[in-house]
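S.K.: So that we are looking at the same thing, I have put the structure below in structure tokens.
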Amino acid sequence: MIEQRAMHGRAAPASNRAGAARASIAAELVLSTVYMLIGALVLNFRSGKTAIHRDDSRDRRETLMAKNTLSVTDNRTGKQYEIPIEEGGAIRAAKLRDIKTGPEDFGLMSYDPAFTNTASCRSKVTFIDGEKGILRYRGYPIEELAEHSNYLEVAYLVVKGELPNEQHYRAWEENIKTHTMVHENLKNFMQGFRYDAHPMGMLVGTIGAMSTFYPDAKEIMSLESRRLQTRRLIGKLPTLAAWAYRHTRGLPYVYPDNDLSYAGNFLSMLFKMTELRYKPNPTLERALDILFILHADHEQNCSANAMRSVGSSQVDPYSAVAAATAALYGPLHGGANEAVIRMLTELGSVKAVPEFIKSVKAGERKMMGFGHRVYKSYDPRAKIVKRLAYEVFEITGRNPLIDIALELEKIGLEDEYFVSHRLYPNVDFYTGIIYQAMGFPMTMFPVLFAIPRTSGWMAQWAEMVRDPEQKIARPRQIYIGEKLRQWTPIEKRPAPTMREDAVSGQI
Ligand code: ACO
């Protein structure tokens, strides 16, 4: 019996136990209509690392260990299935559909709200090892890129897969700079926003509006078109972002200065006043450029997933980038550094830290800027940002919030709650402190994230468009609503038991 083998064999690794638990949830949902007494599916993982039963014959064990497959026994039917384990240690979820109780049965599904254990694509762009705190773009460690590259070079790497040589870098820079200007009608469009419009809301709307200016962007299968839209988007994002900021300040919009660097030009469009030519401070210019490098891509995060999902309908990339930017707007994604500043400001001094930590441990609060879905160790970007903060303070003066942040981090790294939950500072823990020291209002924080992430979104999108395995993204659901009901005329429906505005159960 496979059950006995599983019980007598070496204890399954944690990942297998988690996999079995997930399978049992899915199976339970199906079983409710079939056999009530049969337990969960028993999965017998025949990979090279998993032992079968110690008493099995050597030959059999060797045969099984050599196979990269997963054997599944459906205890409802007694049938056995063998599912290939593919590159990256994944099974095809569609293979589960073969597991059925009869011809009428839809077949098994996997249930994974929030995609916590579902790979939606095969990607070559970004590698993350959350356990070890490793982040690489196209194989290059983030630390080396932040030390030696500039953002435009990294954008080239992210989009095209290789670091450019000198000649290709110059051509790429020229191509991006050619596209820093935007149509005057877009400027008029932006001027239509209310004086206090959130710059991120303006950015979402304006990027979406750009699709109407470039109808050629619909040609998503054309390499030339994809190249052109990529240059346009990377080139124009700083212009739109800076104008959104100027709008909220009631200041005239500043046109791009292509003699400046990518980050320098952005600073000019943000902060230029009456001077004939804006001269960015080199330390702040470099700091911003490094922050752009750190934010260029982060594999299948919420906004990259939005980009791919919306793009899978074959809509133009401006519409898809608008959707990705909207995803980034949320406080659990690009808005977390704003939440960190609010938290630090509310604390006011290091004296308030112990009380605050108590409330976090009691589950009353979250320590913003701590924790990450993927990183279960120190976010490698956070280390770089922390160092960068001191360089920025040399120019701007020290942001006093850093002392509270340092105290929170110190306790967080030692305290049993944070250690056992594997909560470490993420990239957003220190970025807000830098942005605030540089004079950015909090509403601009997610905008500063969207500018460099555009290269990552375009790389993820192009990979999706070119991938023959990809189709329109369309998850399944497990329907838990009412069974068939008969419509009744309004006068025959039961008398209300509460006021209409109190009926909110489903909203
Ligand atoms: N402070 C205190 N406890 C936390 C925190 C935190 N910041 N983050 C997670 N936990 C706890 C949860 O309460 C939960 O505890 P429990 O198991 O005892 O119930 C456990 O850790 C797991 O947390 P989840 O929310 O399930 O983890 P998930 O992977 O879904 O969430 C997230 C990750 C959203 C980043 C979360 O850690 C969080 O909300 N952090 C604060 C917001 C933040 O900094 N977001 C920025 C992310 S980086 C980026 O998007 C650029």
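S.K.: Tell me the label-point distance for the pair residue 81, residue 124, using the 7 Å Cα-to-Cβ offset, in nm and rounded to one decimal.
M.R.: 3.2
S.K.: Highest mean first, what order results for 287-299, 163-175, 383-395, 419-431 on Cβ atoms within 10 Å? Write down the numbers at each step before the final one.
M.R.: Values: 287-299: 24.2, 163-175: 13.3, 383-395: 17.3, 419-431: 20.8.
Highest-to-lowest ranking by the protection proxy: 287-299, 419-431, 383-395, 163-175.
S.K.: Continuing with the same structure: Highest mean first, how do 364-372, 490-498 rank when packing is the count of other Cβ atoms within 10 Å averaged over residues?
M.R.: 364-372, 490-498
S.K.: Okay, next question. Could you work out how much longer the chain between residue 69 and residue 115 gets when fully extended? Use 0.36 nm per residue separation minus the Cα distance between them, nm to one decimal. Mind showing how you got there, number by number?
M.R.: Working: separation 46, 0.36 × 46 = 16.56 nm, distance 2.27 nm.
Here the segment from residue 69 to residue 115 would lengthen by 14.3 nm.
S.K.: For the chain, what is the accessible area per residue in Å², given a 1.4 Å probe and the full set of protein chains?
M.R.: On a per-residue basis, 54 Å².
S.K.: Another question, then. Using C-alpha positions alone, give me the convex hull volume of the stretch 141-251 per residue in cubic angstrom.
M.R.: Hull volume normalised by residue count: 132 Å³.
S.K.: Now for a separate question. When the helix-only estimate is applied to the chain (DSSP H runs of n ≥ 4, each -39,500 (n - 2.57), divided by the residue count), what is the mean residue ellipticity at 222 nm, nearest 500 deg cm²/dmol?
M.R.: -15500 deg cm²/dmol
S.K.: Just order 251-263, 267-279, 316-328 by mean Cβ neighbour count inside 10 Å, highest at the front, would you?
M.R.: 316-328, 251-263, 267-279
S.K.: If you don't mind, there's one more thing I want to ask. Please enumerate, by chain and number, the lysines with C-alpha under 17 Å from the C-alpha of residue 79, excluding those fewer than 8 residues away in the same chain.
M.R.: Within the straight-line limit of under 17 Å, residue 79 reaches these lysines: 95, 100.
S.K.: Just report the Cα centroid separation between the stretch 93-112 and the stretch 379-433, whole Å.
M.R.: 46
S.K.: Got a number for carbon plus sulfur as a percent of the chain's accessible area, 1.4 Å probe?
M.R.: That share works out to 54 percent.
S.K.: Longer than 22 Å from Cα to Cα, which of 160/236; 160/187; 124/177; 187/236 are they? Say none if no pair is.
M.R.: 160/187; 124/177
The values are calculated or read from the model by the stated rules, or taken from the named source; none is laboratory data. For clarity, every value in this text was computed on a predicted model and none was experimentally measured. So basically every Cβ, Gly included, is an ideal-geometry build from the backbone, and we count neighbours across all protein chains shown. Areas reflect the complete protein model, heavy atoms only, side chains present, ligands, DNA and RNA absent. Shrake-Rupley method; radii C 1.70, N 1.55, O 1.52, S 1.80 Å.
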